[in-house]
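One structure is given below, encoded as structure tokens.
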Amino acid sequence: MDSAKEKLTSLLDELSKASKLPRLSAAAQDVDKIIELLSEAREQIANGMDPHMASLTMTKLQNPIRTAFDKVNDSLKAASSTHKKIGRSLDKHFPLKPLPSDTDTMAKHIPLINRAIAMHLLREGQFGVAATFLDETQAKHPSSASSRPDDRMVQDGDEAVADGEDGMDGSGDADFSMLHSHELQDRFTEMYSILQELKTHNLLPAIEWARANSAELEARGSNLEFELTKLQYIWLFKGPAVNGLPDDENNGQIGALTYGRLHFGRFQGRHMREIQRLASAMVFAPNLPASPYHDIFSIDSAFADVASSFTREFCSLLGLSAESPLYLAATAGALALPQLLKYTLATRARGTEWTTAQELPYETPLPQSMLFHNIFVCPVSKEQTTAANPPMVIPCGHMLAQDTLQKLCKGNRFKCPYCPSEGLLKDARPVVL
Amino acid sequence: MADLEAAKINHDNHLLLDQSCMRLPYELLRQNFRSFHLPFDKGSNSVKDLLKETANGSLNGKVSPEDVVKNLDQMLAKMRGLKRKLAVAADEEDRLYRQMDARVAHMRELASLNTVDDVKYEGWSRQRLDRLLVDYMLRHGYGSSAAALADAREMQDLVDIDTFATMSRIRTSLERGSVQEALAWCAENKKELRKMQSNLEFLLRCQQYIEMMRTGVHSQMLEAINHAKKHIIPYSDTYPVEVSFMAGLLACQPNTHLEPYASLYSSSRWETLADAFVEAYLKLLNLPMTPLLHIALSSGLSALKTPACHSTQSQGADQPADGTSSTTTTNDNNTAAASSSSSSSSAPQRHPPHHHGTASLTTRVCPICSTELNALARNVRYAHHSKSRLLDHDLVLLPNGRVYGRARLDEYAAKSGLPPGQVKDLVTGEVYPASELRKVYAT
């Protein structure tokens, strides 16, 4: 069934083969040969300066030179036929498909795209590239930073103008001005230095950060601070042989115990049971692997886990998603592109474009991992619910779109389309999914 | 199942954005060969001819040995020149093959994957994004950024810095009012440009003529007429109207208001020329006209966007990372908490002032709601779905009208340290006894 994959594989195999076929460089040898023949003849004639000798040498030169030129031409032909072979492989297995580019809606929003790219580079830790990019975009569009607010006013005629404005610690929107004040860059530099320390198994900077942001983290229902503290306890518990820290009273079981006494107190409300387990493990210290506590003390992936949840929390507190939105959007774009292409070809052929203003006219299936909001499609009307047409729960627990419910109603009553129960309109309520 | 189907990689369709990445080395191989082959052919013919001539002359005594040596020196000089040209072309060819090999290796990684859920897919797709970014930077003239990113990611062979650097150089020269570089490029690609019926050279020749006319100097205008005879009149069958305009231009001063002559004299014509050049340049190499990132984004933003992403009425419920939601959510809480008698919480309900809408470890921030793309995505349509797609199963309704998956509520309750039998709203933080939950069905 998977002929597409086979096609790609054949293309790649053929290209790999072609790259081993004769190239232009093969002609060099015969060009050298010609030069050699010519200079030999020149030396001979120059030495004697004898007319008879000269004409003899020149006559004898004709054939070898012609042969050498023929060989050069053969090499050139071979190189060119390699190119043609590549062209045929591409045309056969990878024919050029035109991209939908007649309406480039993104071209109007270069400053916004530039901003997204700059933030992407920063969150990827590419600070040098980001700095170059910001300089270059500024040089090209000197007004883009100052013109952005207008840009927004025009686009956001509605209340959404406040978009992001009241975010993060009053630091304002993460827009170009923020990028330029290096604030965002500083944040990400902080994030990367903490991650760097985590990589070398130093939890202290991360713990310090978590403690400083403890209230926000708790409100998010994040256990990060406790997880970090717990890991530090376990890490100390393992002792100098494993953690490589100095062998003193701050390390090993004694060190862990001191650390735990000092820091677990604040988590007792929420994590009492786990703290008890961590403390009880002391008793089994000589033979932990066989104890009931072995699972909490095997920390193979623990550092990688806290590192990824640290990244997630850090970005969330900045109002940013943990994965780069630009990455997700580009990947989703590649996945949805075939549908867009199919649609543009079809509408162009028909010369019409039917569309609702706000919704795409065709389906673009994405994998579950790219789903971030619940999508509720009314099972009766097959319409996607929106703020204007919200999902409603009726007394039997079934959900329908508001418009559907209105149409089902006879007077104030309706019958559920999915079960025998009946209900009153006033008992149905809008819900937020 | 639909999800599995959506996650499956169709290797044919998946590489729409990567066509130029795979094809360009081939196009450049041919261009490189062409630009070497023609001069080489000419050069080697002249060497062959001179050789024959000299041999014949020497044989019938017309050419002295001194002249034979002189001629041989001339041939040697020519051959050494051709050798250098060959070396340059061969080096370029090797570089292009190296690029092709690198791209083949890059695509092989994808060929080995079957689904986007494969852990290796992310690495591949990230590299693709880097390629798209470099393409974007190059096309918008951010050359240093493009080079810096390519270096940082060690992917110089996967991107086409040189190709776009050449394009930028010629485009800039046109924007600065010089046609020389563009004309030289036209000469190099004469045959191909004719094949694709490009009018670029004609436009450039006209511009030269216009500039000579603009001076108003008699000698220059005479030269303009000669120029027109040589370079413009030959086009009179192909572009009769334009050629007649050029003739008409003779009668008009640069400050004329008469159309089309005013437009012909306008300095904005240089921008038009620059655009025409870029179009011809991209077309010649079979490259798409728009930056690939634009295409990817306009398709991807729509596919990811939901009605909830920019909805302002939804009380911020569905917009985790959107700044708008955080104030509304907090307000919502206060009123809800005040009116709700059901919240028999023992855990303190803390809502720090800058609590960011989104709730828990289990909520992922939507890329469209995230600051980076939110404003950009405002301009695109949201995705069409014909079936509900829910993040959770086993949905339950809280008394405040919010619906969550049961498992997620339980997880959040545990993380928040609630006593058994209580749940906490993931967004608003309201606490309810589990007995007040109602099952709902999305059918």
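Only one of A:323, A:313, A:274 is open to solvent by 20 Å² or more (accessible area, probe 1.4 Å), closer than 27 Å to residue B:365 by Cα and not hydrophobic (A, V, I, L, M, F, W, C); which?
Every option except A:323 fails the conditions.
When you go through (1) of a type outside the set (Lys, Arg); (2) without any contact (Cβ under 8 Å) to a residue 12 or more places away in the chain; (3) in a helix (DSSP H, G or I) one by one for residue B:170, which number turns out not to apply?
Just one mismatch for residue B:170, condition (2).
Does at least one position in region B:43-62 carry a residue that is acidic (Asp, Glu), assigned by TED's automatic domain parsing to the domain that holds residue B:93 and within 42 Å of the chain's Cα centre (by Cα)?
The initial filter retains those residues of region B:43-62 that are acidic (Asp, Glu), namely B:49, B:53.
If we keep only those that are assigned by TED's automatic domain parsing to the domain that holds residue B:93 too, we end up with B:49, B:53.
The next check asks that each one be within 42 Å of the chain's Cα centre (by Cα); those that pass are none.
So far as region B:43-62 goes, no, none of its residues is acidic (Asp, Glu), assigned by TED's automatic domain parsing to the domain that holds residue B:93 and within 42 Å of the chain's Cα centre (by Cα).
Any idea which of (1) surrounded by 15 or more Cβ atoms within 10 Å (Cβ to Cβ); (2) more than 13 Å from every other protein chain (Cβ to nearest Cβ) is the one residue A:220 doesn't satisfy?
(2)
From the residues in region B:113-129 that are open to solvent by 10 Å² or more (accessible area, probe 1.4 Å), facing chain A (nearest Cβ under 9 Å) and not charged (D, E, K, R), which one is farthest from residue A:370 (Cα to Cα)?
This residue is B:114.
What's the number of the only condition in (1) touching a Lys or Arg at 6+ places or on another chain (Cβ under 8 Å); (2) modelled with pLDDT under 90; (3) within 7 Å of chain A (Cβ to nearest Cβ) that residue B:383 fails to meet?
Checking residue B:383 against (1) touching a Lys or Arg at 6+ places or on another chain (Cβ under 8 Å); (2) modelled with pLDDT under 90; (3) within 7 Å of chain A (Cβ to nearest Cβ), the one that fails is (2).
Identify, by number, the condition in (1) under 27 Å from residue B:96 (Cβ atoms); (2) surrounded by 15 or more Cβ atoms within 10 Å (Cβ to Cβ) that residue A:100 doesn't meet.
(1)
With B:12, B:18 as the choices, which residue is among the acidic types (Asp, Glu) and either in contact with a strand residue (DSSP E or B) (Cβ under 6 Å, 6 or more places away or on another chain) or facing chain A (nearest Cβ under 7 Å) (or both)?
Checking each option against the conditions leaves just B:12.
Taking region A:290-300, which residues are outside any loop (DSSP other than H, G, I, E, B) and touching a residue at least 60 places away in the same chain (Cβ under 8 Å)?
Step one: of region A:290-300, the residues outside any loop (DSSP other than H, G, I, E, B) are A:290, A:294-297.
Passing the criteria: A:296, A:297.
Every residue in region B:212-264 that is among the charged types (D, E, K, R), closer than 21 Å to residue B:201 by Cα and surrounded by fewer than 13 Cβ atoms within 10 Å (Cβ to Cβ), please.
Hits for region B:212-264 are B:229, B:230, B:237.
So, in region A:99-138, how many residues would count as being touching a Pro at 6+ places or on another chain (Cβ under 9 Å), assigned to a loop (DSSP other than H, G, I, E, B) and without any contact (Cβ under 8 Å) to a residue 24 or more places away in the chain?
2
Just to be sure I understand, how many residues within region B:288-314 are in contact with a helix residue (DSSP H, G or I) (Cβ under 6 Å, 6 or more places away or on another chain), surrounded by 22 or more Cβ atoms within 10 Å (Cβ to Cβ) and assigned to a loop (DSSP other than H, G, I, E, B)?
2
Which count do you get for residues in region A:121-131 that are within 7 Å of another protein chain (Cβ to nearest Cβ) and at pLDDT 90 or above?
Matching residues across region A:121-131 total 1.
Looking at (1) in a helix (DSSP H, G or I); (2) open to solvent by less than 50 Å² (accessible area, probe 1.4 Å); (3) at pLDDT below 95, can you tell me which one residue B:102 breaks?
(3)
If residue A:377 satisfies all but one of (1) free of Cβ contacts under 8 Å to residues at least 12 places away in the same chain; (2) open to solvent by 10 Å² or more (accessible area, probe 1.4 Å); (3) over 25 Å from residue B:125 (Cβ atoms), what's the number of the condition it fails?
Here residue A:377 meets the rest and fails (2).
Run down B:94, B:73 and say which single residue is in contact with a Ser or Thr (Cβ under 8 Å, 6 or more places away or on another chain), at negative phi, surrounded by fewer than 16 Cβ atoms within 10 Å (Cβ to Cβ) and part of a helix (DSSP H, G or I).
B:94
Out of the helices (runs of 4 or more DSSP H) lying entirely within region A:240-289, which hold 1 or more residues that are among the polar types (S, T, N, Q) and closer than 30 Å to residue B:418 by Cβ? Don't jump to the end; show me each part of the working.
Working: elements: A:240-243, A:252-263, A:268-280.
Once the helices (runs of 4 or more DSSP H) in region A:240-289 are filtered for at least 1 residues that are among the polar types (S, T, N, Q) and closer than 30 Å to residue B:418 by Cβ, what remains is A:268-280.
Would you tally the residues in region B:178-200 being open to solvent by less than 40 Å² (accessible area, probe 1.4 Å) and part of a helix (DSSP H, G or I)?
Looking only at region B:178-200, we keep the residues that are open to solvent by less than 40 Å² (accessible area, probe 1.4 Å), and these are B:178-179, B:182-183, B:185-186, B:189, B:192-193, B:198, B:200.
Then keep just the ones that are part of a helix (DSSP H, G or I); that gives B:182-183, B:185-186, B:192-193, B:200.
Of the residues in region B:178-200, 7 are open to solvent by less than 40 Å² (accessible area, probe 1.4 Å) and part of a helix (DSSP H, G or I).
Return only the number of the condition from (1) assigned to a loop (DSSP other than H, G, I, E, B); (2) within 13 Å of chain B (Cβ to nearest Cβ); (3) over 16 Å from residue B:397 (Cα atoms) that residue A:395 does not satisfy.
Of everything listed in (1) assigned to a loop (DSSP other than H, G, I, E, B); (2) within 13 Å of chain B (Cβ to nearest Cβ); (3) over 16 Å from residue B:397 (Cα atoms), residue A:395 misses just condition (3).
Restricting the search to region B:118-167, which residues are touching a residue at least 60 places away in the same chain (Cβ under 8 Å) and among the aromatic types (Phe, Trp, Tyr)?
Correct list: B:121, B:136.
Determine whether region B:130-143 contains at least one residue that is surrounded by fewer than 16 Cβ atoms within 10 Å (Cβ to Cβ), in a helix (DSSP H, G or I) and within 7 Å of chain A (Cβ to nearest Cβ).
Here is the first cut: in region B:130-143, the ones surrounded by fewer than 16 Cβ atoms within 10 Å (Cβ to Cβ) are none.
Scanning region B:130-143, I find no residue that is surrounded by fewer than 16 Cβ atoms within 10 Å (Cβ to Cβ), in a helix (DSSP H, G or I) and within 7 Å of chain A (Cβ to nearest Cβ), so the answer is no.
Among the residues of region A:73-85, are any more than 10 Å from every other protein chain (Cβ to nearest Cβ), small (Gly, Ala, Ser), open to solvent by 40 Å² or more (accessible area, probe 1.4 Å) and part of a helix (DSSP H, G or I)?
Taking every residue of region A:73-85 in turn, at least one turns out to be more than 10 Å from every other protein chain (Cβ to nearest Cβ), small (Gly, Ala, Ser), open to solvent by 40 Å² or more (accessible area, probe 1.4 Å) and part of a helix (DSSP H, G or I).
Got at least one residue in region B:33-42 being in a helix (DSSP H, G or I), facing chain A (nearest Cβ under 7 Å) and exposed (fewer than 15 other Cβ atoms within 10 Å of the Cβ)?
No, there is no match, as no residue in region B:33-42 is in a helix (DSSP H, G or I), facing chain A (nearest Cβ under 7 Å) and exposed (fewer than 15 other Cβ atoms within 10 Å of the Cβ).
Could you look through region A:223-248, keep only residues that are within 30 Å of residue B:410 (Cβ to Cβ) and among the aliphatic types (A, V, I, L, M), and pick out the one that is nearest to the other protein chains (Cβ to nearest Cβ)?
Taking the candidates together, the pick is A:224.
Quick check on region B:202-211: of everything there that is more than 11 Å from residue B:239 (Cβ to Cβ) and open to solvent by 10 Å² or more (accessible area, probe 1.4 Å), which residue is nearest to the chain's Cα centre (by Cα)? Spell out the reasoning first.
First, pick out the residues of region B:202-211 that are more than 11 Å from residue B:239 (Cβ to Cβ): B:204, B:207-211.
From what is left, the residues that are open to solvent by 10 Å² or more (accessible area, probe 1.4 Å) are B:208, B:211.
Numbers: B:208: 32, B:211: 34 Å.
Result: B:208.
Given the criteria outside the structural domain of residue B:99 (by TED's automatic domain parsing), free of Cβ contacts under 8 Å to residues at least 12 places away in the same chain, open to solvent by 50 Å² or more (accessible area, probe 1.4 Å) and over 30 Å from residue B:37 (Cα atoms), does residue B:175 qualify?
Criteria not met by residue B:175.
State all residues of region B:25-45 that are touching a residue at least 24 places away in the same chain (Cβ under 8 Å) and touching a helix residue (DSSP H, G or I) at 6+ places or on another chain (Cβ under 7 Å); if no residue qualifies, say none.
Correct list: B:25, B:26, B:28, B:29, B:32, B:33, B:35, B:36, B:39, B:40, B:43, B:44.
Checking residue A:15 against (1) facing chain B (nearest Cβ under 9 Å); (2) touching a His at 6+ places or on another chain (Cβ under 8 Å); (3) not β-branched (Val, Ile, Thr), which test does it fail?
Just one mismatch for residue A:15, condition (2).
The values are calculated or read from the model by the stated rules, or taken from the named source; none is laboratory data. These figures come from a predicted structure and were not determined experimentally. All Cβ positions, even for glycine, are placed from backbone atoms using ideal geometry, and neighbour counts span all protein chains on display. What goes into the accessible areas is simple: the full protein's heavy atoms, side chains included, and nothing from ligands, DNA or RNA. Shrake-Rupley method; radii C 1.70, N 1.55, O 1.52, S 1.80 Å.
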